[in-house]
1. Return the residues of the stretch 180-197 that are within 10 Å of the ligand (Cβ to nearest atom) and polar (S, T, N, Q); say none if nothing qualifies.
2. If you go through the stretch 252-284, how many residues are part of a loop (DSSP other than H, G, I, E, B), within 16 Å of residue 222 (Cα to Cα) and touching a strand residue (DSSP E or B) at 6+ places or on another chain (Cβ under 6 Å)?
3. Among the residues of the stretch 115-125, are any assigned to a loop (DSSP other than H, G, I, E, B), surrounded by 17 or more Cβ atoms within 10 Å (Cβ to Cβ), small (Gly, Ala, Ser) and near the ligand (Cβ under 9 Å from one of its atoms)?
4. For the stretch 30-50, check the following and say yes or no: at least one residue is without any contact (Cβ under 8 Å) to a residue 12 or more places away in the chain and not in a helix (DSSP H, G or I).
5. When both residues are 6+ apart or on different chains and their Cβ atoms are under 8 Å apart, which pairs have a first residue that lies in the stretch 148-177 and is at positive phi and free of Cβ contacts under 8 Å to residues at least 40 places away in the same chain, and a second that is assigned to a loop (DSSP other than H, G, I, E, B) and within 13 Å of the ligand (Cβ to nearest atom)?
6. Residue under question is residue 5, and the condition is that it be farther than 30 Å from residue 277 by Cα, of a type in the set (A, V, I, L, M, F, W, C) and away from the ligand (no atom under 14 Å from the Cβ); does it hold?
7. Quick check on my filter: what residues within the stretch 185-218 are assigned to a strand (DSSP E or B) and either over 30 Å from residue 259 (Cβ atoms) or β-branched (Val, Ile, Thr) (or both)?
8. Restricting attention to the stretch 265-297, and to residues there that are touching a Phe, Trp or Tyr at 6+ places or on another chain (Cβ under 6 Å) and closer than 23 Å to residue 171 by Cβ, which single residue is nearest to the ligand (Cβ to nearest atom)?
Amino acid sequence: MPKTADRLNSALGGRIEENVILSPHTSFGIGGPARYFFAAHTTSELVRAVRSARANGLRFFVLGGGSNILFDDAGFSGLVIKDNTDKFRIKGGIVFALSGTIVDRLVDATVEQGLGGMEYAAGIMGTIGGAVHGNAGAFGHAINEILESAVILSNDDKIEVVDNEYFKFAYRSSRLCSNGDTVLSVRLRLRAEDPLQLAETVKDRRKFRRERHPVNMGCAGSVFKNIRSLEKPDEVTPAGKLLEEAGVRGMSVGGAAVFDRHCNIIVNRGTATSEDVKKLVENMRNAVFSNFGIDLEREILYIEP
Ligand SMILES: Cc1cc2nc3c(=O)[nH]c(=O)nc-3n(C[C@H](O)[C@H](O)[C@H](O)COP(=O)(O)OP(=O)(O)OC[C@H]3O[C@@H](n4cnc5c(N)ncnc54)[C@H](O)[C@@H]3O)c2cc1C
């Protein structure tokens, strides 16, 4: 009976790597070894990798830019599939992009062509696949506003074209968060706008991020989701404001610390472990709960080993 690695290798062109340290593949810079690791450069490789994991009864994790996750120090016991399928085409107001396309590259390309709708995403890290998974957004906009349809590999192993409705998008969530489908490509509909104006907006958004986000320190963006009023969904209380008022500024655990310019961000000061981050997250959540009776919902995803 061939070993799992041999079976994966025979399906994936001998390119399976073993015990690959995950920290360099994440924006947090945290994470131990993946038992198996495969970098998919084409959609068919991505499909084959997911199917091989399923055929071998292995857990798998599709890794985009690694900018919204916390891997464990113990790593990941199954197959990590790194989505490097970075290709897109723009025709008229329509963008076709493979799931591994870097969002920020797409922002530049669409703005250059005078297409509006993606400028909100300037500076958001990661891939289109990751953005669809978490309905990535900023400045009051999110990817659900421009996604027309997508090709997915469903959790029951079918390749299907699905429309926007399918994803059940909500604030920083989609049905992918619970059902395990894999996005293979997307079709986005944008609108003609003044390229100079768009470029100006993009410049402002990037400046805003440079001034408020950590530079040269690991992080994974907002730790918690903002609070939306159930009665008035447009009324948003930033989690950062509650955290600040609850006194989390200056908190740290080991190598993980609350970022001094934004209380809803945890930075890795260089030596943070996944346990440090998890303990700090709990301390921050407890501070808000004991001050305001509000239980913040985590936005960063913990990936079980
Ligand atoms: C400094 C900083 C600022 C940030 N600012 C924002 C912000 O303003 N708004 C915002 O929304 N987010 C923000 N983020 C978080 C992050 O950039 C987004 O959530 C991003 O969309 C994650 O994409 P990714 O490719 O890195 O996904 P990953 O972190 O790699 O993965 C996230 C999830 O998506 C899944 N996934 C990835 N690819 C696929 C696929 N092809 N099919 C199915 N599932 C897939 C993964 O399995 C995982 O469950 C920020 C992060 C950082 C570090």
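Read-outs throughout are calculated quantities, based only on the coordinates presented, and are distinct from any laboratory measurement. If you're wondering where the values come from, they're calculated on a predicted model, not measured in any experiment. Quick reminder, even Gly has a Cβ in these numbers, built from the backbone with ideal geometry, and neighbours come from all protein chains shown.
1. 182, 185
2. Total satisfying the criteria: 2.
3. yes
4. Within the stretch 30-50 (the criterion being without any contact (Cβ under 8 Å) to a residue 12 or more places away in the chain and not in a helix (DSSP H, G or I)), the answer is no, since none of the residues qualifies.
5. 168/174; 168/175
6. It is true that residue 5 is farther than 30 Å from residue 277 by Cα, of a type in the set (A, V, I, L, M, F, W, C) and away from the ligand (no atom under 14 Å from the Cβ).
7. 185, 186, 187, 188, 189, 191, 192 - these are the residues of the stretch 185-218 that are assigned to a strand (DSSP E or B) and either over 30 Å from residue 259 (Cβ atoms) or β-branched (Val, Ile, Thr) (or both).
8. 265
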